[in-house]
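Below is one structure, written out as structure tokens, with a few remarks after it.
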Amino acid sequence: MKIFRTKSIEQSLADTEEPEYKLAKTLSAFDLTVFGVGIIVGAGIFTLTGRAANQVAGPAVVLSFLLAALCCGLAALCYAEFASSVPVSGSAYTFSYASMGELVAWIIGWDLILELLLAAAVVAQGWSAYLGVLLGHVGITLPAQYSYGGAVDVPAVLLALFLGALVSLGIKESMRVETVLVGIKVAIVLFVVVAGIGLINPSNYTPFIPAPVPSEGAHSTMTQPLVQALFGLQPAAFGVGGILAGAALVFFAYLGFDVVATAAEETRNPQRDLPRGIIGSLLIATVLYCAVAVVVTGMVRYDQLEPSASLAQAFAHHGKGWMAILISAGAVVGLFTVVLTMIIGCSRLVFAMCRDNLLPMGLATIHPQHRTPTKIIAILTVVIALLAGLTPIGMLEEMVNIGTLSAFILVSIGIPVMRRTHPDLERPFKVPFSPVLPILSAVICIGLTLNLAVETWLRFLVWLALGIAVYFGYGYRHSRLATGRALSPDVEEAVAADRRKS
């Protein structure tokens, strides 16, 4: 049962004070909220709203956003309790290491690496698409072979490399840039909503929930949702099933509030500010998403919406070409902040796993001046750049969703587990009505995973199998809990105590 050995909360907190591994504590509740809004508000507004409305949900896509927000809201409460109680880098990985053991923690960490790497690559591709649109409005055309959809997406690669360099300079420097850009992004979104209200045609909301029709994947087992394949249901778009499928699709838009928890170790007052940042950023994003969904589907009938760049195309449909330029500029700014935050979150997660020696500890060293894990950032930046530049469009989104949902499920289950195993732990924030709400969160997340495609599940299982192989090939034998290895001689006794407990 050594695979279920747990790392004590006391040891996790002690690790954060080790000089060679200590991150700079500079973030406030406002910074965390900006951090969350910066990553959440982007893909859903600029790339997913029109696609979900056009292909699966119709005007009822607003219900898809609300359902996805409910799922994320329940999970956010669980994250807030964990983050305020265990303010350590690693987010769900760290929480699970303390509550459910090493193997579960590894699986969550492995899944979150999948989420953050692929999400950064997907959004970098979306940024490249909007950059092409924006440049086209001013008469500049990028070579098709080396732009969005070409053999190599050079703009996406350059974006990843530039943001990796920025993140290496320090969390506060990154947040200064992000605060300015998030402000611009939110202002543009609000302006778009206000401007779009005057162009709404109420007849476009009828039917609000279109009748179900066979989906394009009706004859392909691999592309239909798992629940339909398991129970022999006819694959269909629209109707109630379309709302659920839409929720599984736009769930991608809400990714980010969980990444706020990865900044726990760099927060000045994590017990107070982390719950505020996590929940506050999710609420702001939900309001903006629903407002844009209502406006866009009111401006253009759902079956005439462009699946890509739908927001800009909706205004172009009404002869407001200048608005299309503004929206494209907003998307370029907005998606820039999403990729920036993804790189920060992924680097902190991998840093926590390396510090525990589940991945090589030598990578976890901190730059003496910038106080950032520069080795890890460099490696992740190269991987993201390669994925963004070379991966075919549309292959990554659902993989991001299933990686995130699996983490949400385990974090939700972890709340009642921690309440039982650590009843005396100080909890500045508590999930109300536990264990009912955490269990409900897990059930909803499981339901959303069942609406993902069969091929997504198969790819996920391959990724999971690879992760298990890496764990037993390296992490199981080399983890600090297995070897008693300390970050420094001063904590050797604490690590030894952890080994005895496990």
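Only the coordinates and a few stated rules stand behind these numbers; no lab work does. Keep in mind that this is a model prediction, so the values were computed, not measured. Neighbour counts are summed over all protein chains in view; Cβ atoms, including those assigned to glycine, are modelled from backbone coordinates with ideal geometry.
Straight-line reach from Lys25: which lysines have Cα under 28 Å away, leaving out those fewer than 8 places along the same chain?
The reachable lysines, counting only those whose Cα sits under 28 Å from Lys25, are Lys7, Lys172, Lys185, Lys375, Lys430.
Can you compute the charge dipole magnitude of the chain about its Cα centre, using +1 on each Lys and Arg Cβ and -1 on each Asp and Glu Cβ, nothing else charged? Give it in debye, rounded to the nearest 20.
It comes to approximately 360 debye.
What's the exposure ranking of Lys22, Lys185, going from fewest to most Cβ atoms within 10 Å?
The order, fewest Cβ neighbours first, is Lys22, Lys185.
So who's got an amide H within less than 5 Å of the one on Leu27, skipping anything under 5 residues away but keeping other chains? H placed 1.01 Å off N, in plane.
Thr267, Arg268
Considering the convex hull of the alpha carbon atoms of the chain, report its projected area averaged over all viewing directions, in nm², one decimal.
Taking a quarter of the hull surface, the average projection is 22.3 nm².
Work out from phi, with θ = phi - 60° and the Karplus expression 6.51 cos²θ - 1.76 cosθ + 1.60, the ³J(HN,Hα) of each residue of segment 148-154, listed in order in whole Hz, and give x for Gly and Pro.
With coefficients 6.51, -1.76 and 1.60, one gets 3, x, x, 4, 9, 7, 4 Hz.
What ³J(HN,Hα) values, in whole Hz, does the Karplus curve 6.51 cos²θ - 1.76 cosθ + 1.60 give for segment 315-321 when θ = phi - 60°, with x put for Gly and Pro?
6, 4, 4, 9, x, 9, x
Would you please give the residues with an amide H less than 5 Å from that of Ser89, counting only those at least 5 places away or on a separate chain, with H modeled from the backbone geometry?
For Ser89, whose amide H was placed from the backbone, the distant partners under 5 Å are Glu265.
Please report the base-10 log of the normalised intensity I(q)/I(0) for segment 335-456, using a Debye sum with one equal scatterer per alpha carbon and no solvent, at each q in 0.14, 0.16, 0.17, 0.18 (1/Å).
For the requested q values the scattering log ratios are -0.90, -1.06, -1.12, -1.15.
Between Glu18 and Ile197, what is the spin-label point distance in nm, taking each point 7 Å from the Cα along the Cα→C-beta axis?
5.5
Between Ala237 and residues 5 or more places away or on another chain, which pairs have amide H atoms under 5 Å apart, with H built 1.01 Å from N, and which residues are they?
Here the answer is Val213, Ser215, since their amide H atoms fall under 5 Å of that of Ala237.
Within segment 417-478, report the trypsin sites (Lys or Arg not before Pro) that DSSP leaves as loop and that have at most 15 other Cβ atoms within 10 Å.
Answer in residue order: Lys430.
Quantify how much of the Cα-Cα distance distribution of segment 411-475 extends past 17 Å, in percent.
61
Among Trp127, Trp110, what is the fewest-to-most ranking by other Cβ atoms within 10 Å?
Ascending Cβ contact count within 10 Å gives the list Trp110, Trp127.
Multiply the residue gap between Thr391 and Glu10 by 0.36 nm, knock off their C-alpha separation, and tell me the result in nm, one decimal place.
Stretched fully, the Thr391-Glu10 segment lengthens by 132.9 nm.
Rank the residues Phe472, Phe65 as a footprinting-exposure proxy: fewest other Cβ atoms within 10 Å of their Cβ go first.
Neighbour counts put them in this order, fewest first: Phe472, Phe65.
Once both labels are modelled 7 Å past Cα along the beta-carbon direction, what's the Ile209-His137 spacing in nm?
A separation of 3.7 nm, rounded to one decimal place.
From Cα pairs below 8 angstrom and at least 6 apart in sequence, can you work out the relative contact order of segment 2-494, rounded to a whole percent?
Relative CO of segment 2-494 lands at 34 percent.
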